[in-house]
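See structure below.
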């Protein structure tokens, strides 16, 4: 009984903590992201970089140059000035989810459609790419 | 924002209280609880065995269509492995993923039956 | 060549209904695709694969060829080739006096109704003479074919497609090549035509023209000599597809198609690659 209660209390505490983080994030974004990058977004961007570089995940570097990425290939266009060129998050996510929609004959793999990356991974990837 | 936060906390505590009541109830009827657990485990095993059967069948179909994916095979292996170790949550999750991957491979096989023709340089 | 082809086409139309395949036209179309991609490169150079288009890699390769890593395999292969079977016969009874016959393989065996690669022919020869078949991808079989390839150096590929059944096998190989496969959704064309000359990470991609000329290959990454179907498996695995069995119908047909694309090109096997 005792351990049961303890477990649930810690679950509640954990949930509360993450809720605070989420609300914190929303407030920070509301107050304008221009200032400094807020820590939560910075974490997501870093997670996105890992997804992009990991050979078992995105492995995007095999075709795209990304500044700071090692041994980039050049079969796809360099991913630079992305915020300016792809401001629309949904369009960017769709390009990664299923690039065949825009170009049926593309060589870029359909990361979302073929379940190579999870939805969460796609989201942090978009955060990272928009930071480029 | 603040209101929402407090409200959520309240809601969460309510859910937790409900669970606690349930827990009290089950300890009071321990023998019945054990019986239920056995029944649940049998149900889970039967559930998994039909799930893994479906996953194996679909994988066999992708193989027959010459479109098997290695990741699909990986998920199947992990599902079997987890089941043999009694980790049914992971076993079920992997079998379900294997099914989804096999379905995608079959979609690919079907679409490619005709699509390839336009790609030959003329 | 043109004439045989025309005959095949007429036969195909008569016997198999409206088959549109014209292997010779498709071979020429592929050549002109690479001609456009690499103006100024002599297409015959593609028997050297990626080294035809990457100066730096070519330098390293030329250096390596000073002491060819496949030389031991040729010697071993020669000894194996000339060792008689227990029934007293030998490979020469199957292949003739000159072991340099690789330019005719894969060939379509009309009696069997299927594609026979050099490796299949070697194992057939063994089994017809009461010997056991050798493992497909590496080892003694690769050494014997290395010796035969060495004796075929300087010959040009003369792959024939002379019957409706042969055309059908070629068509299957072609379909395999142009079909997206694996979770990554790639065709052979995705890399070796659309992406040709570009870098995948640190690897520059070679054209499919010339892909058949230099096998078997000693690969640095393998540290031994292996045949072309081992490479097919690797290229399938790369895109997260389950590879096919060596010498399966799929891979034999693919090899038939791919080798026909190199028809007329000079053989320079065995080769070495990174």
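Alpha carbons only, please: Rg and Dmax for the stretch B:57-122, in angstrom.
Calculated on Cα positions, Rg and Dmax stand at 15.0, 56 Å.
As a test of the formula, what do you get for chain C when each DSSP H run with n ≥ 4 contributes -39,500 (n - 2.57) and the sum is divided by the residue count, at 222 nm and rounded to the nearest 500 deg cm²/dmol?
Details: 10 runs with 119 residues, N = 274.
The helix-only estimate for chain C comes to -13500 deg cm²/dmol at 222 nm.
Got a sec? How would B:89, A:127, C:162 order by Cβ neighbour count within 10 Å, fewest to most? Write down the numbers at each step before the final one.
Working: B:89 9, A:127 19, C:162 15.
Ordered from fewest to most neighbouring Cβ atoms within 10 Å, B:89, A:127, C:162 come out as B:89, C:162, A:127.
How would C:67, C:186, B:48 line up from fewest to most surrounding beta-carbon atoms within 10 angstrom? Can you show the working numbers first?
Details: C:67 7, C:186 22, B:48 17.
Going from least to most buried by this count: C:67, B:48, C:186.
Going by how many other Cβ atoms sit within 10 Å of their own, how do A:80, C:144, A:45 line up, fewest first? Please report the intermediate quantities before stating the final value.
Numbers: A:80 12, C:144 27, A:45 18.
Listing A:80, C:144, A:45 from fewest to most nearby Cβ atoms yields A:80, A:45, C:144.
With viscosity set to 1.306 mPa s and temperature to 10 °C, compute the Stokes-Einstein D of the stretch A:45-129, Rh being the Kirkwood radius across alpha carbon pairs; µm²/s, no decimals. Don't jump to the answer; show the numbers that get you there.
On the way: Rh = 12.8 Å.
Here the translational diffusion coefficient equals 124 µm²/s.
Going by a ≥ b ≥ c, the root eigenvalues of the Cα gyration tensor, does the stretch C:166-213 fall in the rounded group (a/c under 1.5), the prolate group (a/b larger than b/c) or the oblate group?
Working: a/c = 3.33, a/b = 1.51, b/c = 2.21.
It comes out oblate by the Cα gyration axes.
Tell me, rounded to the nearest percent, the portion of alpha carbon pairs in chain C spaced more than 32 Å apart.
Tail fraction, whole percent: 22.
Expressed as a rounded percentage, what relative contact order does chain C have, with Cα pairs under 8 Å and six or more residues apart? Write down the numbers at each step before the final one.
Values: 459 pairs, mean separation 73.2, N = 274.
Here the relative contact order equals 27 percent.
Given a Förster distance of 25 angstrom, what is the FRET efficiency for residue B:117 paired with residue A:101, based on the Cβ-Cβ distance and rounded to 0.05? Can you show the working numbers first?
On the way: r = 21 Å, r/R0 = 0.85.
It comes out at approximately 0.70.
Report D for the stretch C:88-140 in µm² per second (integer): Stokes-Einstein, Kirkwood Rh on Cα pairs, 25 °C, 0.890 mPa s.
Rounded, D is 206 µm²/s.
Roughly how many whole Å is it from the C-alpha centroid of the stretch B:85-110 to that of the stretch C:192-245?
Distance between centres, Cα-based: 29 Å.
Please sort C:86-98, B:93-105 by packing, taking for each peptide the average over its residues of neighbouring beta carbons within 10 angstrom, highest first. Intermediate results must be reported in sequence, preceding the final value.
Details: C:86-98: 12.8, B:93-105: 21.4.
Put in order of decreasing packing, that is B:93-105, C:86-98.
Only the coordinates and a few stated rules stand behind these numbers; no lab work does. Since the structure is predicted, the reported quantities are computational estimates derived from the model, not experimental observations. Virtual Cβ from ideal backbone geometry, glycine too; neighbours counted across all protein chains shown.
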